[in-house]
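What follows draws every value from the coordinates through simple rules; no lab data is involved. These numbers were taken from a predicted model, which means no experiment stands behind them. A quick note on method: Cβ atoms are made from the backbone with ideal geometry, for glycine too, and the neighbour counts reach across all protein chains shown.
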Amino acid sequence: MKPTTLKKRSQLFQQLRAFFYARSVIEVDTPMLSIAGVPDPHLQALTTQVEVLGQRDSLRYYLHTSPEYPMKRLLCQGSGDIFYLGKVFRQDMISPRHQVEFVMLEWYRLGFSMFELMAEVALLIQQAFSAGTNTDKKLHVEQLSYQQVFEKYAGIEDILSATAEQCRACLARHNIAEVVGVDMEDKALWEQLVLTEVIEPKLGTVGGELSITFVCHYPASQAALAKISSDNPDVAERFEVFVNGMELANGYHELEEAEHYRARFDASLQERKELGYPSVPIDENLLSTLAQQPLPNCSGVALGVDRLFALQQGFDNIRQGIAFGLQES
């Protein structure tokens, strides 16, 4: 990495911390290792064996894919608004957008609705881009629902009631290579392909210029740990942020009660089983803490800092903004 790039990366970290310090959001340090895994089938954690005093055999520990679970335990214990800026680990193919070890910024705001947090995310991104380009020019911000992006960019009027056949037809219209060896009636799969192959590349640009696109109100089936909307039980209070076709952040109006967490964890474990993935131990420490004191009303978001830095600097590959990639470590 060039010394000038190293300096600019340091300046971004300073700026991010200053953003939260100015708002009295405190920085927290959470464990990178946990005896519990993440049941979400879309997240694959790395593991390591640890020798523990009093145990005959070494124990399997999971490297965190996010600081979410311990941060929520802190919130239950009265921490107030908090943020984490540091390394996380996710097993996936190395690409221009992903490294197995990367930097995440995650924060939680008490009393914030999903929309209030979205406004704060937009402000943070705007400030990062202004600092990186030395200009006061603001990025255009747009907000679309999950259903609206399918209608606008894929021509599917109501994705919630659309069929697998309609999704396959959309892929064909956009000349996306045919996928073979999968269930032709798997609506969730074909819907996801339309989202990633047709829609997402078009998000975060307006008239050829970078913009900030918020996609909100994902289907309830994709709620993860977000609340279901009180206005519409078919959608969740979840959002994602895109800039230049790249997913930058994922946020929720957070679930609060332990029984809802356990139900979501159990559903994820069942999905892992159906997909042929190994089971993982769920975080009983989190569930125990939630049972004693439910999570306070809050919204939280996780943002990829390496991706933000690459976008800020105009890099094509996040590796250009990282001192040492996995293969050089």
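Distance between the pseudo-spin-label points of Arg56 and Asp183 (7 Å out from Cα toward the beta carbon): 4.3 nm.
Computed about its Cα centre, the charge dipole of the chain is approximately 1280 debye, with only Lys, Arg, Asp and Glu carrying charge at their Cβ.
Seen from all directions on average, segment 146-248 presents a Cα convex hull projection of 7.0 nm². Highest mobility in the GNM of the chain, judged by mean-square fluctuation with C-alpha springs under 10 Å and restricted to Arg90, Arg173, Arg307, is found for Arg173. Candidate cross-link partners of Lys87 among the lysines, defined by an alpha-carbon separation under 30 Å and a same-chain spacing of 8 or more, comprise Lys2, Lys7, Lys8, Lys72, Lys138, Lys202, Lys227, Lys273.
Ranked highest first by average number of other Cβ atoms within 10 Å, how do 194-201, 226-233, 269-276 line up?
194-201, 226-233, 269-276
Projecting the Cα atoms of Asn317, Pro278, Gly304 onto the dipole axis of segment 209-320, where Lys and Arg carry +1 and Asp and Glu carry -1 at the beta carbon, places Asn317 farthest toward the positive end. For the chain, the 222 nm mean residue ellipticity estimated from helices alone, with every DSSP H stretch of n ≥ 4 adding -39500 (n - 2.57) and the total spread over all residues, rounds to -10500 deg cm²/dmol. Size descriptors for segment 112-189: radius of gyration and Dmax over Cα atoms are 18.4, 50 Å.
Once the piece of chain linking His98 and Ser279 is laid out straight, how much longer is it, given 0.36 nm per residue of separation minus the C-alpha distance between them?
Answer, rounded to one decimal: 62.7 nm.
For the chain, what are the per-bin percents of Cα-Cα distances with bins 10 Å wide, up to the bin holding the maximum? Going out from 0 Å in 10 Å bins, the chain shows 5, 23, 34, 27, 10, 1, 0 percent. What is the distance in Å between the Cα centres of segment 95-112 and segment 300-316? Here the answer is 9 Å between Cα centres.
Evaluating 6.51 cos²θ - 1.76 cosθ + 1.60 at θ = phi - 60° for every residue in segment 83-91, the Karplus couplings come out as 9, 10, 10, x, 7, 9, 9, 9, 6 Hz, glycine and proline recorded as x. Averaging the Cα positions of each part gives two centres, and for segment 226-261 and segment 263-283 these lie 20 Å apart.
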